[in-house]
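Derivation of every value follows stated rules applied to the coordinates shown; laboratory data play no part. Keep in mind that this is a model prediction, so the values were computed, not measured. Here the Cβ is made from the backbone with ideal geometry for all residues, glycine too, and neighbour counts use every protein chain on show.
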Amino acid sequence: MAKYLLVSFKTCPWVQRAAIVLREKNIPFEFRHIEPDNRPDWFLAISPHKKVPVLRIDEKVSLFESSAIAEYLDETIAPRLHPDDPVERAVNRAWTDYVPTFASAVTATGYAADEVAYAAAAEKIPAAFGQIERALEKQGAGPFFNGAKYSLVDAAYAPFLQRYRFLDRVKPLGTIEKFPRLKAWADALLARPSTHSFPEAEFEAMYRANLKRRKVYASQFIADVAVAAE
Ligand SMILES: N[C@@H](CCC(=O)N[C@@H](CS)C(=O)NCC(=O)O)C(=O)O
């Protein structure tokens with residue numbers, strides 16, 4: 001098998017998506033974490049947008065953009081995570097294209113500078129959650145997007161459903177409870193071992209430390225970097 005190196009910032013959700021796909025396929029890989037504020041020259045030379053993730057293959061090829069990386073891995077290494085049916089595959093890709101919009105809606109409260117901006121950001125979450133609730137309703141039975149079989153759509157949403165959970169534990173948003181299918185999907189994804197690149201408590205502490213460091217509105221609700229009780 002080829003040699004895979006995944007270049008990462010520890011808390012990057014887009015890296016997490018690529019790592020999930022690697023884990024779902026049982027692909028051994030080296031996980032190399034670099035610092036956002038100190039990106040080494042070798043990384044700048046292989047990352048056109050200076051962003052992570054980059055998947056380096058056999059020290060020759062460098063792939064960037066988490067979606068392209070996920071698709072590449074799915075095309076080259078079994079088991080296939082995309083559905084076999086072309087229509088289902090198109091539906092899966094269409095909902096995967098919605099991830100950046102969903103991601104912004106979910107994480108905006110974590111960037112809001114003050115109470116007014118926080119409230120405005122929180123108000124936008126239900127629209128994004130509603131879109132996915134209706135998509136899940138059409139898809140039918142869970143626990144995953146396509147039912148029993150895990151897919152690339154699951155890998156794409158898992159990091160952001162985890163960010164919602166973290167933000168909801170910093171200051172309760174109470175939104176996901178109004179979207180039962182989405183909540184059940186989030187619970188299934190967060191219980192899936194492949195979602196996690198780090199022990200959960202350690203990762204939540206890292207996320208909280210980042211939020212605190214950013215000095216955003218939500219920072220004040222983090223007394224220290226300890227993890228909230230379940
Ligand atoms: N669309 C990209 C997004 C990647 C991304 O935004 N990565 C962030 C870290 S989570 C990054 O590298 N930011 C550095 C920068 O913008 O300079 C993907 O899906 O891979």
**OP:** Provide the net charge surrounding Ile176, with neighbours chosen by a C-beta distance below 9 Å and charges set as Lys +1, Arg +1, Asp -1, Glu -1.
**Re:** +1
Original post:
Where both partners of a DSSP beta bridge lie in segment 4-76, what percent of those bridges are antiparallel, to the nearest 5?
Top reply: 70
Subject >> Using θ = phi - 60° and Karplus 6.51 cos²θ - 1.76 cosθ + 1.60, couplings along segment 128-141 (whole Hz; Gly, Pro as x) >> reply: 5, 5, x, 4, 6, 4, 5, 5, 5, 4, 5, 5, x, 6
Original post:
Restricting to the chain, what percent of DSSP beta bridges are antiparallel, rounded to 5?
Top reply: 70
Original post:
What is the calculated FRET efficiency for Glu35 to Val87, with r their C-beta to C-beta distance and R₀ = 41 Å, to the nearest 0.05?
Top reply: 0.40
Original post:
If exposed trypsin sites (Lys or Arg not before Pro) are those in a DSSP loop with at most 14 other Cβ within 10 Å, what is the longest stretch of the chain that has none?
Top reply: 81-148
Subject >> Neighbourhood net charge (11 Å Cβ-Cβ; Lys/Arg +1, Asp/Glu -1) for Glu65 >> reply: +1
Original post:
What do you get when you divide the Cα radius of gyration of the chain by 2.2 N^0.38 Å, with N the number of residues?
Top reply: 1.02
**OP:** May I ask you to compute the full-extension gain from Thr76 to Ala45, defined as 0.36 nm times their residue separation minus their alpha-carbon distance, rounded to one decimal in nm?
**Re:** 8.6 nm
Subject >> Computed helical MRE - 222 nm, the chain, DSSP H runs ≥ 4 contributing -39500 (n - 2.57), nearest 500 >> reply: -17000 deg cm²/dmol
